[in-house]
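The values are calculated or read from the model by the stated rules, or taken from the named source; none is laboratory data. On a predicted model such as this, the values are computed, not experimentally measured, just so you know. With ideal geometry, Cβ positions are generated from the backbone for all residues, glycine too; neighbour counts draw on all protein chains shown. Protein only, heavy atoms only, side chains kept; ligands, DNA and RNA dropped before computing areas. Shrake-Rupley method; radii C 1.70, N 1.55, O 1.52, S 1.80 Å.
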Amino acid sequence: MSIEAKEITKKFGQFTALEHVDLKIPSGELVALLGPSGSGKTTLLRIIAGLEFADSGTILFDGEDTTHRNARDRRVGFVFQHYALFRHMTVFENIAFGLKVRPRNVRPSKEQIHAKVHELLGLIQLKNLAGRYPSQLSGGQRQRVALARALAVEPSVLLLDEPFGSLDAKVRLELRRWLRQLHDEVHITSVFVTHDQEEALEVSDRVAVMNEGRIEQVGTPDDVYHRPITPFVYNFLGNVNLFHGRIDEETSIQEGATGDPVYVRPHLLEIHRQPNRGGGHFRATIKHINSAGPLVKIEALSEWGDPVQVELSQEKFRELQLTKEETVFIIPKELKVFQKKAI
Amino acid sequence: MGSITVAAGKSPATRRVAAAATGESVAVRSILIGVAVLFLALFIFLPLAIVFSQAFAKGMGVYWASLRQPDALAAIRLTLLAATIAVPLNLVFGVAAAWCIGKFEFVGKSLLITLIDLPFSVSPVVSGLIYVLLFGLQGLFGPWLARHDLQIIFAVPGIVLATIFVTFPFVARELIPLLQAQGQEEEEAALALGASGWQTFFRVSLPNIKWGLLYGVILCNARAMGEFGAVSVVSGHIRGRTNTMPLHVEILYNEYQFSAAFAVASLLALLALTTLLVKTVVEWRARRQLAESAAWGEEGQIA
């Protein structure tokens, strides 16, 4: 089922959570709503689910207006950040809940419910824990139960609110791969909210980057990462160095010049011992070296006093034999400039 | 539910360290404990012992006879009737009020909380007088009631109304913190899964508050049976008709029938002891439930 949000605006008192948001989600896609906290991503998800209602704007499911339908009638599967499992029910009862509360004429038989729950327990690999209570499960197990519970009612849309937000790093990684796999098998239109850019880029088919109640850019992970259309998107999707300068001869930064801010990712800066013959370099003093991890991270101070972050490979680092307080030449390989919008 | 392990609270080790750090010397501790024990003995155990010793002072025969007296039986019946009406009604009102306050934001919420506390802050005698002023012969609705031959004051309806009023806060007060701690995610989950409002309430919300609810009901019941002031004002003390147990005790005592008075009083004391026992058990379960909700909430906040 495709989802379309049109001109959605939502205010909480004085605070504007969403402002004229438009978003189209094609059927069968896995879309990430990515943004910092307070960007309105969870509110948008809850409005799509029918748990919250927009002040203005419409929500269409498969072109059909569902704006005024509540969560119960929208047939969405919703997975909460803190699981929201029914604490007084076992895993089995939790997953069966959505089937058991159906009106009698459409309720599956006991045997059918049993079969369905066991099928889902197999899917989430928790077959042997059917009789446990949520408090006896680990965070990752609870999240999988929450997912199975949402899938049990065979929703037309799956909505996940920071699904891995409260899990530790290792389980997160495992679960998000699992979610990707699951989506490839089930092909249900899914939207998930996250503030973790890595998660969004790895799992989703498309990413909608949100900021201050607006959608900044929608595109494939490749698009938003390599072709960001706003400074915010560039900034949010990875580390960045920001220089206030003017560009000369294509790739050199002039000190103190006024102009549009220049953005460079840390791994797109090269460190050299000699000045570049063709120009386009600047001088910097190394202040801190962190060589733990796959990349060596270097913090330096540019000749005009801006902090600069550089990432280089361990190989390159060994080759250069850099030390603290040493002065080096930095050459940007790729610069990004966003023209200031005329106001 | 029996096998749920609770992860809330400090570990025993941290608690011990804290006790050592903030602990007092042995002398101070024994003095404090001694004072508390002495106080309890003087003001609680001694009166309780006297109630029972006085009740049985003239032997079992007199004890049973004074309980089987028609007036005593009528008082017991009336007390049970008032409690049977007041407790279920307050159960419903209390859950409804606590539900609104615990789960929703609305204008006038703090006013509602204050109103719920009103019966606690107003003297029971004043609560009784309110009903006299409303429904008494000279009261606001008095003439209308008289014309329709309805009697509320100095009759059973007045007693029931007064009882409902003074016992109103118990259930609501008990549930509000519990409902607030639990938040509404589980209810939202139930709705998203297709449950109706009633299904959500009976299958998700109610099981989550059952121990707190039971605790509130027990306290409510104890107060309903033991209420004196408000009931005294509206009852009119008509023997065999509008006397509840506490009022009956007073009358017997004023007539120097000490054994009979204490015999009926011993029933109330027994009720109190049973209430305490049940309360202890339920309170323990309720606290566990609250701790679980809190642990649940805390876990969420870590993220």
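Observations, loosely collected:
- Test result for A:Ile124, at pLDDT 90 or above, out of contact with any Pro (no Cβ under 7 Å at 6 or more places or on another chain) and more than 26 Å from B:Arg285 (Cβ to Cβ): no
- Candidate set: region A:37-53, residues that are hydrophobic (A, V, I, L, M, F, W, C) and away from chain B (no Cβ under 11 Å); chosen: the one surrounded by the fewest Cβ atoms within 10 Å (Cβ to Cβ): A:Phe53
- Among (1) more than 14 Å from chain B (Cβ to nearest Cβ); (2) farther than 15 Å from A:Arg214 by Cα - the single one A:Leu34 does not satisfy: (2)
- Of all residues in region B:202-212 being open to solvent by less than 40 Å² (accessible area, probe 1.4 Å) and at pLDDT below 90, the one that is farthest from the other protein chains (Cβ to nearest Cβ): B:Gly212
- When region A:60-78 is filtered for residues that are closer than 12 Å to A:Met1 by Cβ and more than 14 Å from chain B (Cβ to nearest Cβ), the ones remaining, listed by number, are A:Leu60, A:Phe61, A:Asp62, A:Gly63, A:Glu64.
- Within region B:148-202, considering residues that are hydroxyl-bearing (Ser, Thr, Tyr) and free of Cβ contacts under 8 Å to residues at least 60 places away in the same chain, the one nearest to B:Val92 (Cα to Cα): B:Thr200
- Counting only helices (runs of 4 or more DSSP H) that fall entirely inside region B:50-128 and contain at least 2 residues that are aromatic (Phe, Trp, Tyr) and surrounded by 13 or more Cβ atoms within 10 Å (Cβ to Cβ), the qualifying elements are B:70-103.
- Of the residues in region B:145-157, at least one is surrounded by 20 or more Cβ atoms within 10 Å (Cβ to Cβ), of a type in the set (A, V, I, L, M) and in contact with a helix residue (DSSP H, G or I) (Cβ under 9 Å, 6 or more places away or on another chain).
- Residue that is surrounded by the fewest Cβ atoms within 10 Å (Cβ to Cβ), among those in region A:135-148 that are at the interface with chain B (Cβ under 10 Å from one of its Cβ atoms) and touching a Phe, Trp or Tyr at 6+ places or on another chain (Cβ under 7 Å): A:Arg142
Each row is one residue, and each column tells you yes or no for (1) at pLDDT 90 or above; (2) more than 30 Å from A:Arg180 (Cα to Cα); (3) surrounded by 21 or more Cβ atoms within 10 Å (Cβ to Cβ).
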residue	(1), (2), (3)
A:Phe243	no, yes, yes
A:Tyr263	no, yes, no
A:Leu269	no, yes, yes
A:Gln274	no, yes, no
A:His288	yes, yes, no
A:Gly293	no, no, no
A:Ile298	yes, yes, yes
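- Note on region A:120-134: among residues that are in contact with a helix residue (DSSP H, G or I) (Cβ under 9 Å, 6 or more places away or on another chain) and in a helix (DSSP H, G or I), the one that is most open to solvent (accessible area, probe 1.4 Å) is A:Asn128.
- Being hydrophobic (A, V, I, L, M, F, W, C), farther than 15 Å from A:Phe86 by Cβ and within 13 Å of chain B (Cβ to nearest Cβ) is a property that holds for A:Leu151.
- A:Arg104, sole failed condition from (1) open to solvent by 40 Å² or more (accessible area, probe 1.4 Å); (2) more than 14 Å from chain B (Cβ to nearest Cβ): (2)
- Residue match in region B:220-237 (condition: open to solvent by 30 Å² or more (accessible area, probe 1.4 Å), farther than 30 Å from B:Arg77 by Cβ and of a type outside the set (D, E, K, R)): no
- Per this entry, B:Gly216 is not counted among residues that are closer than 23 Å to B:Thr114 by Cβ, within 14 Å of chain A (Cβ to nearest Cβ) and surrounded by 23 or more Cβ atoms within 10 Å (Cβ to Cβ).
- Helices (runs of 4 or more DSSP H) contained in region A:147-233 and holding at least 1 residues in contact with a Pro (Cβ under 9 Å, 6 or more places away or on another chain): A:169-186, A:197-203
- B:Leu267 being in contact (Cβ under 8 Å) with a residue 24 or more places away in the chain and within 14 Å of the chain's Cα centre (by Cα): no
- In summary, A:Gly305 fulfils each of the numbered conditions (1) more than 30 Å from the chain's Cα centre (by Cα); (2) closer than 17 Å to A:Asn276 by Cα with the single exception of condition (2).
- Scanning region A:79-98 for residues that are at the interface with another protein chain (Cβ under 9 Å from one of its Cβ atoms), within 31 Å of the chain's Cα centre (by Cα) and open to solvent by 10 Å² or more (accessible area, probe 1.4 Å) turns up A:Gln81, A:His82, A:Tyr83, A:Arg87.
- Within region B:166-198, the residues that satisfy the criterion of being assigned to a helix (DSSP H, G or I) and open to solvent by 40 Å² or more (accessible area, probe 1.4 Å) are B:Arg173, B:Glu174, B:Pro177, B:Gln180, B:Ala181, B:Glu185, B:Leu191, B:Gly197, B:Trp198.
- Taken together, the residues in region A:1-36 that are open to solvent by 70 Å² or more (accessible area, probe 1.4 Å) and among the polar types (S, T, N, Q) amount to 2.
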